């Protein structure tokens, strides 16, 4: 993160997301401020809170993608939640603090994966010894009164070690004891049901005796089982938990989507308890509180919250004043123009056109797009969005899937494996869709 300047962050995001410079600049500054905060003295550091962001814009323009790519870029724990899911049951719905518990679990997984790479080599050496024990039972015992047998066992073991490392014994069958997983226990409660379910399951797992089942497996399969066991044994759980909580507290990013769905104009008829309740529950988490998780308490003071919403029928000013104050940075994402669709089809690192070409290349089909074919796709996507529902860049998925549907279906059996998609081909494939779109203009 120290080497990632705001310019570099925006440049990296440009590889995957077209346009929306204002939003990219806002998140780039927010990430850089995190690094700057770490350079401050401990007394000042604890008082510097992140400047949370609200992204305002229609669906399909890149709000979620910016946040997700940003988290991948800096290796931060990232969680996306919909604000509306907390209104599903009753007035307050699900426990809002569950988002921090989920984020902590993600942090645990990230740190554990890092630790796995650190202990991997040591674990592989231990696996070799355990595989040799399976291949040569008793060869690892040492008899102080019989030096000749000890030397013979050592020679045999080394010969098998050489063959094992050379991959000559991969298909040889050995008997391995595999631990059987217990049946999941379902616990139902009104508050924190997911958390209680997991905690009770882990408690039952510890109480119940371990069940071992002997299985005949190949050396190749046994290596996978044993590597998992040895890696888990070498990882220090306490260290993983401490590092994960520290990473979540200082680098965690929570993306709250559909925030506009829990705020309404003040002139609405009657109080909307469900929406106001979600806002009230969100407030302490965003402001900064301590959430109890099964891995220990997690403070939310320095977690970066990025909220997003279309705000068609409401506006950010309709949010509770206290919640508004916790999202000081507001950026508006623009509607996609025809030129944006053209860029989306050609510029991103993994553009949709490249994805379809690579998918079909697995069966020997070479897919080529002409410039007028790309322009036709962009024109139709823009026109359909303009005349019907505007779903942003997601419209390209629908249109491109319809264009290559026939090629995808016939791909394995095509005699001519070179396929060119030009403007005429695109309009021919989408003629039925365009006719339907034209009819919608005359339907009240």
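Things to note:
- Test set (1) over 30 Å from residue 35 (Cα atoms); (2) surrounded by fewer than 18 Cβ atoms within 10 Å (Cβ to Cβ); (3) at pLDDT 85 or above; (4) assigned by TED's automatic domain parsing to the domain that holds residue 319 - residue 269 fails condition number: (3)
- Within the span defined as region 221-243, every residue fails to be at pLDDT below 85, within 29 Å of residue 175 (Cα to Cα), not assigned by TED's automatic domain parsing to the domain that holds residue 320 and not in a helix (DSSP H, G or I).
- Residue within region 127-137 that is in a helix (DSSP H, G or I), in contact with a strand residue (DSSP E or B) (Cβ under 6 Å, 6 or more places away or on another chain) and at pLDDT 60 or above present: yes
- Note on region 1-11: among residues that are touching a helix residue (DSSP H, G or I) at 6+ places or on another chain (Cβ under 9 Å) and surrounded by fewer than 19 Cβ atoms within 10 Å (Cβ to Cβ), the one that is modelled with the lowest pLDDT is 1.
- Some residue of region 329-337 being buried (at least 17 other Cβ atoms within 10 Å of the Cβ), out of contact with any strand residue (DSSP E or B) (no Cβ under 8 Å at 6 or more places or on another chain), under 30 Å from residue 406 (Cβ atoms) and modelled with pLDDT under 90: yes
- Residues of region 33-60 that are buried (at least 17 other Cβ atoms within 10 Å of the Cβ) and out of contact with any strand residue (DSSP E or B) (no Cβ under 9 Å at 6 or more places or on another chain): 37, 58, 59, 60.
- One residue alone among 67, 30 is modelled with pLDDT of 90 or more, assigned by TED's automatic domain parsing to the domain that holds residue 318, part of a helix (DSSP H, G or I) and surrounded by 17 or more Cβ atoms within 10 Å (Cβ to Cβ), and that residue is 30.
- Condition met for residue 300 (touching a helix residue (DSSP H, G or I) at 6+ places or on another chain (Cβ under 8 Å), over 15 Å from residue 82 (Cα atoms) and at pLDDT 90 or above): yes
- Residues (in contact (Cβ under 8 Å) with a residue 60 or more places away in the chain and either surrounded by fewer than 18 Cβ atoms within 10 Å (Cβ to Cβ) or part of a helix (DSSP H, G or I) (or both)) located in region 293-311: 294, 301
- Single residue of 30, 76 found to be closer than 15 Å to residue 250 by Cβ and within 18 Å of the chain's Cα centre (by Cα): 76
- Some residue of region 114-130 being under 17 Å from the mean Cα position of the chain (by Cα), surrounded by 18 or more Cβ atoms within 10 Å (Cβ to Cβ) and either in contact (Cβ under 8 Å) with a residue 60 or more places away in the chain or assigned by TED's automatic domain parsing to the domain that holds residue 35 (or both): no
The values are calculated or read from the model by the stated rules, or taken from the named source; none is laboratory data. Predicted, not measured: the structure shown is a model, and the values here were computed from it. Cβ atoms come from the backbone with ideal geometry, glycine included; neighbour counts cover every protein chain shown.
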